[in-house]
Structures are given as structure tokens and as C-alpha cells.
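Let me begin by presenting the structure, written as C-alpha cells, before commenting on it.
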Amino acid sequence: MSDCLFCKIVEGEIPCDKIFENDQVIAFRDLNPQAPTHILVIPRKHISTVNELTADDKNIVGEMVLAAQAVAKQEGIEESGYRLVMNCNEGAGQTVFHIHLHIMGGRRMNWPPG
Ligand code: AMP
Ligand code: ZN
């Protein structure tokens, strides 16, 4: 997707503070962090929202969560706790329409989220 911000990050056309990558996913620091640790995991494949996932994407979703687990360990927040969030569509706060898993930690996370 030529006009997708996160596809441009995947292609290296837009820089990011990359902290993890494999053949399926990339993880980088959020530009506008909402917690001391705020990292996004995105698939290399363009998928606009969770609604567009298909059974063929099962492996990608698994890789996203396993990448989040590795990143949490790397950041030292695996014991203190972290939150994984995927916003789907505008009403839930999605602003970039290429799926991404937020990893947030390093502070007390409140529940329910706003
Ligand atoms: P969402 O609101 O769930 O779609 O999350 C999009 C996230 O992407 C927000 O937390 C933004 O701060 C973040 N973001 C937007 N542009 C960039 C960028 N160029 N590099 C890193 N994070 C970004
Ligand atoms: Zn994209």
C-alpha cells in the first residue's frame, strides 16, 4: 500500500526506532509514547484492520504476540506488567490503518482504559 505510513516504515522509506524484527514483523518505539515503554509491533504484510484478518493470517498474529513477549523481556517489563492493545476502527481509537499491537508498560496501567 503506497499511501500507508506503516508500509513505508516496513519499506524503510520512513525512519523508525526499530527494536525487533523478523521475517514477519517489525517492532519500533511509538512516536508519541503513552507510557515509559510504548512499542508497536506491526506485520510486514499490509492488513488494514483486525476485521480484515483471515485464517491465512493466523501465523502473523501469533508472530505479533510472540514478538511482543520478546520485546517485553528485552525492555525488562515482563514481571512488572504490560498491556497489549489492538484498536480496531476509528471508534476504538485506530488512527493508522495497518494493524499494530501496542505494548505499554513501565507504569501502573489503569482499567478500564478510556
Ligand atoms: P492507533 O491510534 O491505535 O492507530 O495507533 C497508532 C500509533 O502510531 C499512535 O500511538 C501514534 O503515536 C503512532 N505513530 C504514528 N506515526 C508514527 C511513526 N511515524 N512512528 C512511530 N509511531 C507512530
Ligand atoms: Zn500498510
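Values quoted throughout were computed directly from the atomic coordinates according to the rules given, and no laboratory measurement underlies them. The model shown is predicted, which means the values in this text are computed figures rather than measured ones. All Cβ positions, even for glycine, are placed from backbone atoms using ideal geometry, and neighbour counts span all protein chains on display.
Could you grab the pairs with beta carbons closer than 6 Å, sequence gap of 6+ or different chains, first residue in region 22-50 and under 16 Å from Val65 (Cβ atoms), second one assigned to a strand (DSSP E or B) and among the basic types (Lys, Arg)?
Correct list of pairs: Ile39/Arg29.
Tell me, yes or no, whether region 4-17 has at least one residue that is among the basic types (Lys, Arg), more than 13 Å from ligand 2 (Cβ to nearest atom) and free of Cβ contacts under 8 Å to residues at least 24 places away in the same chain. Walk me through it before giving the result.
So the first thing to find is which residues in region 4-17 are among the basic types (Lys, Arg), and the list is 8.
With more than 13 Å from ligand 2 (Cβ to nearest atom) added as a condition, the list becomes none.
Taking every residue of region 4-17 in turn, none turns out to be among the basic types (Lys, Arg), more than 13 Å from ligand 2 (Cβ to nearest atom) and free of Cβ contacts under 8 Å to residues at least 24 places away in the same chain.
Of all residues in region 90-114 being under 15 Å from the mean Cα position of the chain (by Cα) and of a type in the set (S, T, N, Q), which is farthest from Leu53 (Cα to Cα)?
It comes out as Thr95.
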